[in-house]
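Asker: Can you keep this structure in mind? I'll have questions shortly.
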Amino acid sequence: MILLRTALVALLLGTIPGSCIGAPASNVRASQSALPLPSARPAEPAPPVALGVFRLNQPAQQGSYALGWAPKGTVRLVIEGADVRFAADGRFGIGFGRDHQPTATITAFLADGRAVTDKISVAPRQWRIENLKTLRRYSQPSAEFQARRPGELAQINAARRMVVDADGWRQRFIWPAKGRISGVFGSQRIYAGEPGAPHNGVDVAGGTGAPVYAPANGVVTLAAASPFTLEGNLLMIDHGGGLNSAFLHLSRIDVKKGDVVRQGQLIGAIGATGRATGPHLHWGMKWNEERIDPQTLVGAMPAP
Ligand SMILES: [Zn+2]
């Protein structure tokens, strides 16, 4: 009986429409819906979080993105050992991955030869974890998948390497689509003790053909000519400053590689191409190598 019920739950979970396969849906367990949402980014000008010499526009937490101000006279900015781009006015963006350690080290090298360092405290977040008693089902990748996947990954990696001139990274983001949030960032299923990959974006359920808008200014770095095996019709936009967005499962893409897009511009439409249980938008974001939660860049979902 217990086995049967577990199997039934797994079956139901696996077929919840409008989310990514393997991602727990946000409405699965009422008891989990009280998980704290990432704090919405305040409208500018925000009360800055004063570190020693740097400032951030909001406290750092796992999976979040913040805007920072480097001290006057900064000629080089290094975060966690890597050089980071910053604007002439000292502004920079900084992202913290889902499993970021409790601190991040940031150093500014100044024109007068001095170097100043701060430690940023990165608050932990709770992630939606579902423990399933069922074993994970592995299916043998098809010959077609194995043949096509390397080329798809090469396109994605090439898009991420493109450096563009865009100021979206310092804008207040807007939701690219309206609808029910059917999957949240960082959620994870554990199959009989074996963790699956965390969900790396936010899912917005919507009808096929519903419009998708640019959440901030940017440049199109990838517009799939035909559906990718997993992502389906994939669109990637670089917002500058090391920040980029990926939009998955689209039914239609309305822009092409190299296009400059403005915040609010129509860029495509929701669909269920690639691996999806139903029509939805999967919106993933990266800041350099850190996967971040798009919900930390936008406010609450506007009412329909
Ligand atoms: Zn998703």
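The values are calculated or read from the model by the stated rules, or taken from the named source; none is laboratory data. The model shown is predicted, which means the values in this text are computed figures rather than measured ones. For neighbour counting, all protein chains shown are included, and Cβ atoms are generated from backbone atoms with ideal geometry for every residue, glycine included. What goes into the accessible areas is simple: the full protein's heavy atoms, side chains included, and nothing from ligands, DNA or RNA. Shrake-Rupley method; radii C 1.70, N 1.55, O 1.52, S 1.80 Å.
Asker: Among the residues of the range 220-232, which ones are on the phi < 0 side of the Ramachandran plot and either open to solvent by less than 20 Å² (accessible area, probe 1.4 Å) or not assigned by TED's automatic domain parsing to the domain that holds Gly18 (or both)? Break it down into steps so the answer makes sense when it comes.
Answerer: Taking the range 220-232 as the starting set, the residues that turn out to be on the phi < 0 side of the Ramachandran plot are 220-231.
Correct list: Val220, Thr221, Leu222, Ala224, Phe228.
Asker: To continue, here is another question. What residue, of Ala224, Ala216, Ala276, is within 12 Å of the ligand (Cβ to nearest atom) and of a type outside the set (Ser, Thr, Tyr)?
Answerer: Numbers: Ala224 fails: within 12 Å of the ligand (Cβ to nearest atom); Ala216 fails: within 12 Å of the ligand (Cβ to nearest atom).
Sole residue among the options that is within 12 Å of the ligand (Cβ to nearest atom) and of a type outside the set (Ser, Thr, Tyr): Ala276.
Asker: Take the conditions over 17 Å from Ser64 (Cα atoms), away from the ligand (no atom under 12 Å from the Cβ), part of a loop (DSSP other than H, G, I, E, B) and touching a strand residue (DSSP E or B) at 6+ places or on another chain (Cβ under 7 Å) and apply them to Gly268. Does it pass?
Answerer: Working: over 17 Å from Ser64 (Cα atoms): yes; away from the ligand (no atom under 12 Å from the Cβ): yes; part of a loop (DSSP other than H, G, I, E, B): no; touching a strand residue (DSSP E or B) at 6+ places or on another chain (Cβ under 7 Å): yes.
Against the criterion (over 17 Å from Ser64 (Cα atoms), away from the ligand (no atom under 12 Å from the Cβ), part of a loop (DSSP other than H, G, I, E, B) and touching a strand residue (DSSP E or B) at 6+ places or on another chain (Cβ under 7 Å)), Gly268 does not qualify.
Asker: Only residues that are within 19 Å of Ala269 (Cβ to Cβ) and free of Cβ contacts under 8 Å to residues at least 60 places away in the same chain: list them for the range 152-187, please.
Answerer: Once the filter is applied, which keeps residues that are within 19 Å of Ala269 (Cβ to Cβ) and free of Cβ contacts under 8 Å to residues at least 60 places away in the same chain, the range 152-187 yields nothing.
Asker: Sticking with this one: Considering only residues that are touching a Lys or Arg at 6+ places or on another chain (Cβ under 7 Å), open to solvent by less than 10 Å² (accessible area, probe 1.4 Å) and within 11 Å of the ligand (Cβ to nearest atom), which ones fall in the range 167-202? If you could, list the steps in order and put the result at the bottom.
Answerer: Step one: list which residues in the range 167-202 are touching a Lys or Arg at 6+ places or on another chain (Cβ under 7 Å), which gives 170, 172, 184, 186-187, 191-192, 194, 196, 198, 200.
From what is left, the residues that are open to solvent by less than 10 Å² (accessible area, probe 1.4 Å) are 186-187, 196.
Within the range 167-202, just Ser187 meets the criteria.
Asker: Failed condition for Lys133, given (1) under 22 Å from His249 (Cα atoms); (2) surrounded by fewer than 18 Cβ atoms within 10 Å (Cβ to Cβ); (3) in contact (Cβ under 8 Å) with a residue 40 or more places away in the chain, with all others met?
Answerer: Of the numbered conditions (1) under 22 Å from His249 (Cα atoms); (2) surrounded by fewer than 18 Cβ atoms within 10 Å (Cβ to Cβ); (3) in contact (Cβ under 8 Å) with a residue 40 or more places away in the chain, the odd one out for Lys133 is (1).
Residue-by-condition table, conditions (1) away from the ligand (no atom under 12 Å from the Cβ); (2) closer than 30 Å to Ala123 by Cβ; (3) not in a strand (DSSP E or B):
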| residue | (1), (2), (3) |
| --- | --- |
| Leu230 | no, no, yes |
| Gly258 | yes, no, yes |
| Lys286 | yes, yes, no |
| Ala300 | yes, yes, yes |
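Asker: Residues to consider are Pro102, Pro124; find the one that is more than 21 Å from Ser245 (Cβ to Cβ), within 18 Å of the chain's Cα centre (by Cα), open to solvent by 90 Å² or more (accessible area, probe 1.4 Å) and at pLDDT 95 or above.
Answerer: Working: Pro102 fails: within 18 Å of the chain's Cα centre (by Cα).
From the options Pro102, Pro124, the qualifying one is Pro124.
Asker: Which of the residues belonging to the range 206-219 are within 24 Å of Ala303 (Cα to Cα) and surrounded by fewer than 24 Cβ atoms within 10 Å (Cβ to Cβ)? Working first, answer last.
Answerer: Of the range 206-219, the ones within 24 Å of Ala303 (Cα to Cα) are 206-217.
Within the range 206-219, Gly206, Gly207, Thr208, Gly209, Ala210, Pro211, Tyr213, Asn217 meet the criteria.
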